Amino acid sequence: GVAEDGAAEPGPRRPRALPAWVYSVPLVGYVASMPTIDALLSSYAFVSCVLLAAEAVLNFAIIKKVPYTEIDWQAYMSEVRPVIDDGNFNYEDLRGGTGPLVYPGGFVWIYAVLYKITQNGSNILMAQLIFAGFYLATMAFVFFIYAYAAPKGFRPIYLPLLCLSKRIHSIFVLRLFNDGIAMMLVYMAIVLYIIDYRHLASVSYSLAVSVKMNIFLFAPGLFLVLLSVSRLRGAIYYISICAMVQLVVGLPFLLTHPINYIKQSFNLARTFNHYWSVNFKWVPCEPLPVDQKTLLNDCAGIFTSKAFGISLLLGTIVLWLLYGGYCGALGSRQSFLAKATRALPFNANEIATVMLVSNFIGVAMSKSLHFQFYVWYFHALPFLLWSSPLPVVLKILVLLGIEMCWNPWEGETSTVESSILLTLLHAILLLALWHGLWVGDGRKADAKDAKQD
């Protein structure tokens, strides 16, 4: 400003600069040129690198200090052993301690490589170290997604929230589940779509599906992404790439015993054990007599009824249509569907948002979630919460509440109370996302704007 006498008003006092010769001292000059702590904490690259280094140390410590828990690893090894040792490609003969093999061909080839590297599955330490590598790769892809596509208001200082789950570390390095590999591949696919490597992204996505079928939950969002960048013809082209990958990984099985392969690896009608359900344990189901129980069926009631399964499927489809047709990225005036059908390319945030929301809807409406399924959506939770208008404190409370529900409340499993809480938290997040992303009908908004112009 200017004072009444015309002289400039004095500004805020600044610290006196050091003499120029001081900066010629190498160490002083180096320190003076270093970014401030605030600048470092505002850098996705810096925070991500620090967290990855810390995670490497933490995972090694977990492997060294926490006893390995055998759940499915030996079953996986038994399922791929006939393929490697005997050249048997009949899915009817591929079985483990937990039952028949139910995953597509990509699972077989990845675990066949692990079978060889780990001396026929006997070198557990080697397997754990490899899965620690999978975990770090997953985190690197996730950090990239947040760096390039995080919703408004999310800052690098919140990234540690992605590293605090005891359950997620266990899924990777103590249980060696295939869920972690599938999610690593799908996050890699999202990264590749963001940087516009669509061919590689489609291959990565299809490989993820070939490891575990839950990756199909991303498909509605992925279709809108492909439609937005390449119109219907281009979308069909990239979907055909996905189909070709499935043919390649399944070819030996399709050429020898195609019916058995398709029936078992793409079985969408499987039932799940009520005892291990984390989300819908509150749904009534009477335990079966011991002699009638199986690995995948332990009760009779609403939980196992076709009506319950069909209602969840229909609810999932309705929610996909509603969120696709009436929601868009933060700050957008157009819905995902309106923008995609006009071939208006999604930006990085829209690509990540539509795919992560699509998956979350599918997870929230899944008939039965088991403990290892937490990795299906854990890394997306902060992204989704910061896409909502919830206060930061409430966002963190929802995140902590969900984490709490995914750890045993009674013995080795969840309880009716924990499953009720998880269902409520999922509902809160769905409503918050609707409120945060709702844009109405994009076509009507554009028509209104056109009239005003």
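Observations on the structure shown:
- Pairwise FRET efficiency - Val393 versus Leu41, Cβ, R0 = 25 Å, nearest 0.05: 0.80
- Pairwise FRET efficiency - Leu321 versus Asn120, Cβ, R0 = 51 Å, nearest 0.05: 0.60
- Of the residues Leu101, Leu255, the one with the largest accessible area comes first in the ranking Leu255, Leu101, computed with a 1.4 Å probe on protein heavy atoms.
- Accessible surface, the chain, averaged per residue in Å² (probe 1.4 Å): 48
- Solvent-accessible area assigned to carbon and sulfur over segment 318-453 amounts to 66 percent, based on a 1.4 Å probe.
- Peptide ranges 376-387, 421-432 listed from the most packed, as the mean C-beta count within 10 angstrom indicates: 376-387, 421-432
- Amide H within-cut-off set for Gly96, under 5 Å, with H built and near neighbours excluded: Leu101
- Peptides 48-55, 103-110, 433-440, 75-82 ordered by average Cβ neighbours within 10 Å, highest first: 103-110, 75-82, 433-440, 48-55
- Cα→Cβ-extended label distance, 7 Å offset, between Asn90 and Leu314, nm: 4.1
- Taking only protein heavy atoms and a 1.4 Å probe, the accessible area of segment 69-174 is 60% carbon and sulfur.
- Portion, in percent, of the accessible area of segment 192-273 that falls on carbon or sulfur, probe 1.4 Å: 74
- Amide H partners (placed H, <5 Å) of Cys299, local residues excluded: His274, Leu288
- Calculated semi-axes √(5λ) of the Cα gyration tensor in Å (choose from (1) 43, 29, 24; (2) 50, 38, 15; (3) 34, 31, 18), label: (1)
- Potential lengthening between Trp409 and Tyr275 on full extension [0.36 nm per residue; Cα-Cα distance subtracted]: 47.0 nm
- The residues neighbouring Thr256, those whose beta-carbon lies less than 13 Å from its own, together hold a net charge of -3 under the Lys/Arg +1, Asp/Glu -1 convention.
- Simple spin-label estimate for Asn347 and Met244 in nanometres, 7 Å along Cα-Cβ: 3.3
- Rounded if a/c under 1.5, otherwise prolate or oblate - segment 142-200, Cα gyration tensor axes: oblate
- If only the Cβ of Lys and Arg carry +1 and only the Cβ of Asp and Glu carry -1, the dipole of the chain around its Cα centre is close to 660 debye.
- Each Lys or Arg adds one and each Asp or Glu takes one away; over the other residues whose Cβ falls under 12 Å from the Cβ of Tyr91, this sums to -1.
The values are calculated or read from the model by the stated rules, or taken from the named source; none is laboratory data. Keep in mind it's a predicted model, so treat the numbers as computed, not measured. Here Cβ is always computed from backbone atoms with ideal geometry, including for glycine, and neighbour counts include all displayed protein chains. Just the protein is used for accessible areas: all its heavy atoms, side chains included, with ligands, DNA and RNA removed. Shrake-Rupley method; radii C 1.70, N 1.55, O 1.52, S 1.80 Å.
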